[in-house]
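The values are calculated or read from the model by the stated rules, or taken from the named source; none is laboratory data. Note that the coordinates shown come from a computational prediction; the quantities given were computed from them, not determined experimentally. All Cβ positions, even for glycine, are placed from backbone atoms using ideal geometry, and neighbour counts span all protein chains on display.
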Amino acid sequence: MNRHLFGLVVGGLLCCGLPSSVSAGVCQINRVIGKADAILKTHLSAGCTDQERESHAVQAGAILAALRQGKAIDLSGVVILGDLRVDDLPLGPPPEEFVTQTPEAEKVVRVVSGAFSLVNSIVRGAVRHQSAENVLVVKGPVDLSGTRFEQSVDLSRATFMQPVRLSGAVFLGASYFVQARFLRELSAEKTAFGPHTRFHRARFHGPVTFQQSGFSGLAEFLEVEFRSDADFSRTFFKLGTGFSGSHFQKLADFSEALFDREAFFTFARFDGDAVFRRATFRSTADFDDAQFKARDDFSKVFFEGDSRFARVTRPANGPAALGLENPQVQYAITLSLLVFSAVLIAYLIRSR
C-alpha cells in the first residue's frame, strides 16, 4: 500500500510540472536568426553539454555583422569563436545624446547602437578596440556577467552610455579600459581580472563597485576620475597596484581590501570619505602627497611593509574620524555601558 501511495504522489508531482532529473539534462536552444530581425539572439540552457555548445558556437564575424546593422546582441550560455575586432566597425557622426552628455565629444566615432548582452558564455578569441584616435560609443546597456574571456580584452577609448555589468566575469588575459568613459554605473562584483588590468585615465560618472573582486596581476587605476562612490571593499590585489593621481569625488571604500604587493596612492585626492578600515598592506603602502578633504579611516589597518604618508594634507578643522575610533562614538558607547550597568545593579538590589 505504501509503495502504491508513493508512486501516486511522485506521478502527481511530475504531472504538475515539477522538474525531474531527466528533463534537467535537455539542451534547450532559443535562437533568432532572421535577417530582418533587430536582434541577434542565441540562448543555450544550463542542460547543454560542452559538445553541444561547441556545435552551436557563434562566430565573432556574425556578431560584428549584426553590430554593423545596428542590431542588439543577446547571447547566453554560448561559445564565441574568432576575434571580435570592433575596430572594423565603420566611422560616422556621433549620436546626439552622446554629444549632449559629453561636451568634448569627438566628431567621428564608431557606434554600437543596441544593447549588448553576453552572459555566462565563453569567448575564445580576443576583443579589440585598439584605435589610438577614434572613440567607440556604446549606446545601450552592456552585460558581460558570468562570461569567461580566454584572451585579451581591449576596450580602450570606449564610452558606455548605459550601465555596464561585469559581475562574475573572468578575464584570463589582459583587460584594458584606457581612457574609457562610464556615464552610468559599473558593477563588477566578484570579478576575476587577469595578468594585467588597466583603467588608466578612465572616468566613472556613476557609482562603481569592484567589491570582492580579484586582480591577479598588475592593476592600474592611474589618474582615474571617480565622480560618484567607488567601492573596492574586500577586493584582492595580487601584484602591484596604482591609484596615483586619481580623484575620488565621493566615497572611496577600501575596507578589508588586501594588497599583496606594493600599493601606490601618491598624489591621490579624496574629496569624500576615504575608508581603509581593516585593510591589509603586505608590502609598501605609499600615500605620499595624498589629499584627504573629508574623513579618513585607517583604523585597524595592518601594515606589514613600509607605510609612507609624507606631505599628506588633511583639513585643519575637518570632520571627526570615522568608525569606533571617533571620540564621540567612544564616549557614547561608554555612557551607554555605564547606564546599562547602573540599571542592572538597581534591578539586582530590588530583586533581593
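Need a quick list: strands (runs of 3 or more DSSP E) entirely within the range 105-198 having at least 1 residues that are in contact with a Lys or Arg (Cβ under 6 Å, 6 or more places away or on another chain) and of a type outside the set (D, E, K, R). Give the derivation first.
On the way: elements: 109-112, 116-119, 135-138, 158-160, 196-198.
By residue number, 135-138, 158-160.
Does Ser228 fit the bill of being within 21 Å of Phe98 (Cα to Cα), part of a loop (DSSP other than H, G, I, E, B) and in contact with a strand residue (DSSP E or B) (Cβ under 6 Å, 6 or more places away or on another chain)? Steps first, please.
Numbers: within 21 Å of Phe98 (Cα to Cα): yes; part of a loop (DSSP other than H, G, I, E, B): yes; in contact with a strand residue (DSSP E or B) (Cβ under 6 Å, 6 or more places away or on another chain): no.
So Ser228 fails the test.
Which one of these is touching a Lys or Arg at 6+ places or on another chain (Cβ under 6 Å) and in a loop (DSSP other than H, G, I, E, B): Leu239, Leu222?
Numbers: Leu222 fails: touching a Lys or Arg at 6+ places or on another chain (Cβ under 6 Å).
Just one listed residue meets the conditions, Leu239.
Does Ile73 fit the bill of being closer than 20 Å to Gly125 by Cβ and either surrounded by 13 or more Cβ atoms within 10 Å (Cβ to Cβ) or of a type outside the set (A, V, I, L, M, F, W, C) (or both)? Walk me through it before giving the result.
Values: closer than 20 Å to Gly125 by Cβ: yes; either surrounded by 13 or more Cβ atoms within 10 Å (Cβ to Cβ) or of a type outside the set (A, V, I, L, M, F, W, C) (or both): yes.
Yes, satisfied.
Yes/no matrix, rows are residues, columns are (1) aliphatic (A, V, I, L, M); (2) surrounded by fewer than 20 Cβ atoms within 10 Å (Cβ to Cβ); (3) touching a Ser or Thr at 6+ places or on another chain (Cβ under 6 Å):
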site	(1), (2), (3)
Ser131	no, yes, no
Gly140	no, yes, no
Ala158	yes, no, no
Tyr176	no, no, yes
Val208	yes, no, no
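For the range 163-213, which positions are within 22 Å of Phe259 (Cβ to Cβ) and among the aromatic types (Phe, Trp, Tyr)?
Once the filter is applied, which keeps residues that are within 22 Å of Phe259 (Cβ to Cβ) and among the aromatic types (Phe, Trp, Tyr), the range 163-213 yields Phe171, Tyr176, Phe177, Phe193, Phe199, Phe204, Phe210.
Do you know which residues across the range 113-127 are at pLDDT 95 or above and over 19 Å from the mean Cα position of the chain (by Cα)?
Within the range 113-127, Arg124, Gly125, Ala126 qualify.
So Gln212 clears everything in (1) more than 21 Å from Phe281 (Cβ to Cβ); (2) surrounded by fewer than 19 Cβ atoms within 10 Å (Cβ to Cβ); (3) under 14 Å from the mean Cα position of the chain (by Cα) except one condition, right? Which one?
(1)
I'm trying to understand the selection: among the residues of the range 135-186, which are of a type in the set (Phe, Trp, Tyr) and touching a His at 6+ places or on another chain (Cβ under 9 Å)? First the steps, then the outcome.
Residues of the range 135-186 that are of a type in the set (Phe, Trp, Tyr), as a first pass: 149, 160, 171, 176-177, 182.
Scanning the range 135-186 gives Tyr176, Phe177, Phe182.
Does any residue in the range 175-202 that is on the phi > 0 side of the Ramachandran plot come within less than 8 Å, Cβ to Cβ, of a residue that is among the hydroxyl-bearing types (Ser, Thr, Tyr) six or more places away or on a different chain, and which pairs are these?
Gln179/Ser156; Lys190/Ser167; Lys190/Ser213
If a residue must be touching a Leu at 6+ places or on another chain (Cβ under 6 Å) and not in a strand (DSSP E or B), how many such residues does the range 68-85 contain? Outline the logic, then answer.
Filtering the range 68-85 for residues touching a Leu at 6+ places or on another chain (Cβ under 6 Å) gives 71, 73, 75, 77-78.
Going one step further and asking which of them are not in a strand (DSSP E or B), we end up with 71, 77-78.
Residues meeting the conditions: 3.
Answer yes if at least one residue in the range 89-103 is β-branched (Val, Ile, Thr) and assigned to a strand (DSSP E or B), and no otherwise. Steps first, please.
Restricting attention to the range 89-103, the residues satisfying the condition of being β-branched (Val, Ile, Thr) are 99-100, 102.
If we keep only those that are assigned to a strand (DSSP E or B) as well, we get none.
Within the range 89-103, not a single residue is β-branched (Val, Ile, Thr) and assigned to a strand (DSSP E or B).
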